[in-house]
Amino acid sequence: MALSDKSSRQSLIPSFLYSSSSTVSTSHKSFALDKTMLGAAAPASSNSGVSSPARNFVVPAPNEPGKIEMYSPAFYAACTAGGILSCGLTHTAVTPLDLVKCNMQIDPAKYKSISSGFGVLYKDQGFKGFFRGWVPTLLGYSAQGACKYGFYEFFKYYYSDLAGPENAAKYKTLIYLAGSASAEVIADVALCPFEAVKVRVQTQPGFARGLSDGLPKFVKSEGYGGLYKGLVPLWGRQIPYTMMKFASFETIVEIIYKHVIPTPKDQCSNTLQLGVSFAGGYVAGVFCALVSHPADNLVSFLNNAKGATVSDAVNKLGVMGLFTRGLPLRIVMIGTLTGAQWGLYDSCKVLMGLPTTGGIAPPATELAEA
């Protein structure tokens, strides 16, 4: 049966960005015909209703009853929901690690190491102290996750469409970087007020119990503008972090399916694919921690001290301190966090009938020959 023109137009993004068992063939023949999967125009079908061979390899958006149509409002809503769960739940779960990390950055004389930091925190604040600030963490990172993943999927599709089929395949990494950076600019605007209150609650015992009393105190002290005092450093931390998170994840997952797992992705079980998502996310998280750590120290310093500036932070922490203070703990925290986020996010997509993120791109030589 020939596919409708509407279905073919929906496959504007390179097929390897979203591959599933129902749409991807690993044979040489399917790769040779993958130009159509990348959105290239296919010859029109004849009046007899028989479509050309290439047209059979178009990847249409799912249109079965109850299925979510790819790149539809429902698709982006599903990705947004997955982002809320993956970021909100994971960041809340590592609140104890985040507390020790923030205090090591602000008061290294007292919080000298990871192990002693937990002991000091327990001695000063008891068991409840390990989850101080969990409400602004949950709400702030849920809002950030909604924008981060939802807009990433949108911008990745949008920039692929602008680039055209050949350039989208050739410069896919640039599209990952541009899409993730664009999404994070928006996501941090949603996160920034919650992050400001969270850091103040976590690093100044007695300031407030949480968001409900901490937000009014913060606004009374520094005004509403103070909630966005750390926005530029937050962008400096989160935009490189997110660019690394998405681009490296997509690349690592492609490498895993190409060189580590002998079975083609479309023949792998959902459990194995989700395991790949977690592994790729964990490795990507290590890179994320390295590139974003100096800005993370700046954000913690600025949100902790009223009227503090970037130059104050550099003078007090030193250049080396910006790059290294609290780094080992943050590598562990971000690696685990990012792996869990990709695992949860792709789990949500699988539950909604969508394919997991990432896969193997068709070889460029075969695309050129097609």
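Mind giving me the FRET efficiency for F127 and Y171? R0 is 51 Å, r the Cβ-Cβ distance, nearest 0.05 is fine.
That pair, F127 with Y171, gives E of 0.50.
Pulled fully out, how much extra length does the chain show between M320 and K306, if you take 0.36 nm times their separation in residues and subtract their Cα-Cα distance?
Gain on stretching M320 to K306: 2.7 nm.
Going out from 0 in 10 Å bins, what whole percent of all Cα-Cα distances in the stretch 205-339 drops into each bin?
Using 10 Å bins, I get a P(r) of 12, 30, 28, 18, 10, 3 for the stretch 205-339.
³J(HN,Hα) across the stretch 250-267 via Karplus (A = 6.51, B = -1.76, C = 1.60, θ = phi - 60°), whole Hz, x for Gly/Pro?
For the stretch 250-267, the Karplus curve yields 4, 5, 5, 4, 4, 5, 4, 5, 7, 10, 9, 8, x, 8, x, 4, 5, 9 Hz.
Output the relative contact order of the stretch 78-182, whole-number percent, from Cα pairs under 8 angstrom with separation of 6+ residues.
36
Provide the per-residue ³J(HN,Hα) series for the stretch 100-107, in order, calculated from phi with Karplus coefficients 6.51, -1.76, 1.60 and θ = phi - 60°, each as a whole number of Hz, with x at glycine and proline positions.
Running phi through 6.51 cos²θ - 1.76 cosθ + 1.60 with θ = phi - 60° gives 5, 4, 4, 6, 5, 6, 8, 9 Hz.
Here are some pairs, K156/K316; K198/K265; K156/K306; K110/K220; K217/K349; which of them have Cα atoms lying more than 31 Å apart in this structure?
The answer is K156/K316; K198/K265; K156/K306; K217/K349.
Can you pull a Stokes-Einstein diffusion coefficient for the stretch 93-202 at 20 °C (1.002 mPa s), Rh from Kirkwood over Cα pairs, as a whole number of µm²/s?
In µm²/s, the coefficient is 133.
Please give the contour-minus-distance gain from Y224 to S113: 0.36 nm per residue of separation, less the Cα-Cα distance, rounded to one decimal in nm.
Full extension from Y224 to S113 adds 36.5 nm.
Let's see if you can work this out: charge +1 on each Lys and Arg Cβ, -1 on each Asp and Glu Cβ, no other charges. What is the dipole magnitude of the stretch 256-370 about its Cα centre, in debye to the nearest 20?
460
Given H placed 1.01 Å from N in the peptide plane, which residues other than close sequence neighbours of L354 have an amide H under 5 Å from its amide H?
Close amide H contacts, sequence-distant or interchain: none at all.
Whole number in Å², please: accessible area per residue of the stretch 148-252, 1.4 Å probe, ligands, DNA and RNA not counted.
For the stretch 148-252, the solvent-accessible area averages 39 Å² per residue.
With a 1.4 Å probe and all protein chains in place, put D188, D107, D98 in order of accessible area, largest first.
Highest to lowest solvent-accessible surface, that is D107, D98, D188.
Could you please report the charge total around A289, scoring K, R as +1 and D, E as -1 over all other residues with beta-carbon less than 15 angstrom from its beta-carbon?
Overall, the nearby charge balance is +3.
Ignoring ligands, DNA and RNA, please state the percent of accessible area on the stretch 177-218 from carbon and sulfur, probe 1.4 Å.
It is 70 percent, rounded to a whole number.
Tell me, what is the 1.4 Å probe accessible area of R200, in Å² to the nearest 10?
Number for this one is 10 Å².
The values are calculated or read from the model by the stated rules, or taken from the named source; none is laboratory data. A quick note: this is a predicted structure, and the numbers were derived from the prediction, not measured. Reconstructed Cβ throughout: ideal geometry from the backbone, glycine too, with neighbour counts over all protein chains shown. The protein model used for the area step is the full one, side chains on, heavy atoms only, and it has no ligands, DNA or RNA in it. Shrake-Rupley method; radii C 1.70, N 1.55, O 1.52, S 1.80 Å.
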